[in-house]
Amino acid sequence: SVPEDQADKLLLASWGLPKAVLEKYHSLGVVQMFEWQAECLMLGQVLEGKNLVYSAPTSAGKTLVAELLILKRVLETRKKALLILPFVSVAKEKKCYLQ
């Protein structure tokens, strides 16, 4: 679990995302993460671009972890990213969501 002294890491606002991104997540009701999601982001050098493999049930929140990693890397490095999604319906949803 997330150590008590890092409990603020559960809040999306603590990850250095731009205000517009945070406002979009907040408008969708996403203000904080589950502990396991924050743990994924704090593992090793994941935020520096190292690999991460994780598994969770359907609708558990895996996509949020991927989105945050992608957004941070794109914003920090000014490079493009490719997000591959398993279903057309999810791809359409994310297209609207990420615009």
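Miscellaneous remarks
- Scanning region 26-35 for residues that are out of contact with any helix residue (DSSP H, G or I) (no Cβ under 6 Å at 6 or more places or on another chain) and at pLDDT 90 or above yields His26, Ser27, Gly29, Val30, Val31, Phe34, Glu35.
- Filter result for Ala81 (small (Gly, Ala, Ser) and assigned to a helix (DSSP H, G or I)): no
- Comparison of Lys19, Lys92 shows that the only residue that is modelled with pLDDT under 90, out of contact with any Pro (no Cβ under 6 Å at 6 or more places or on another chain), surrounded by fewer than 16 Cβ atoms within 10 Å (Cβ to Cβ) and of a type in the set (D, E, K, R) is Lys92.
- Evaluation of Ala38 against the conditions (1) exposed (fewer than 11 other Cβ atoms within 10 Å of the Cβ); (2) modelled with pLDDT of 90 or more; (3) not β-branched (Val, Ile, Thr) shows that the sole unmet condition is (1).
- Enumeration of residues in region 75-89 that are open to solvent by 50 Å² or more (accessible area, probe 1.4 Å) and of a type in the set (A, V, I, L, M): Leu75, Ala81, Leu82, Leu83, Ile84, Val88
- All positions within region 1-60 that are in contact with a Gly (Cβ under 9 Å, 6 or more places away or on another chain) and outside any loop (DSSP other than H, G, I, E, B): Trp36, Gln37
- Scanning region 47-69 for residues that are surrounded by 10 or more Cβ atoms within 10 Å (Cβ to Cβ), at pLDDT 90 or above and β-branched (Val, Ile, Thr) returns a single hit, Val65.
The values are calculated or read from the model by the stated rules, or taken from the named source; none is laboratory data. Treat the numbers as computed from the prediction; the structure is a model and nothing was measured. Here Cβ is always computed from backbone atoms with ideal geometry, including for glycine, and neighbour counts include all displayed protein chains. The accessibility values were calculated without ligands, DNA or RNA, using every heavy atom of the protein model including side chains. Shrake-Rupley method; radii C 1.70, N 1.55, O 1.52, S 1.80 Å.
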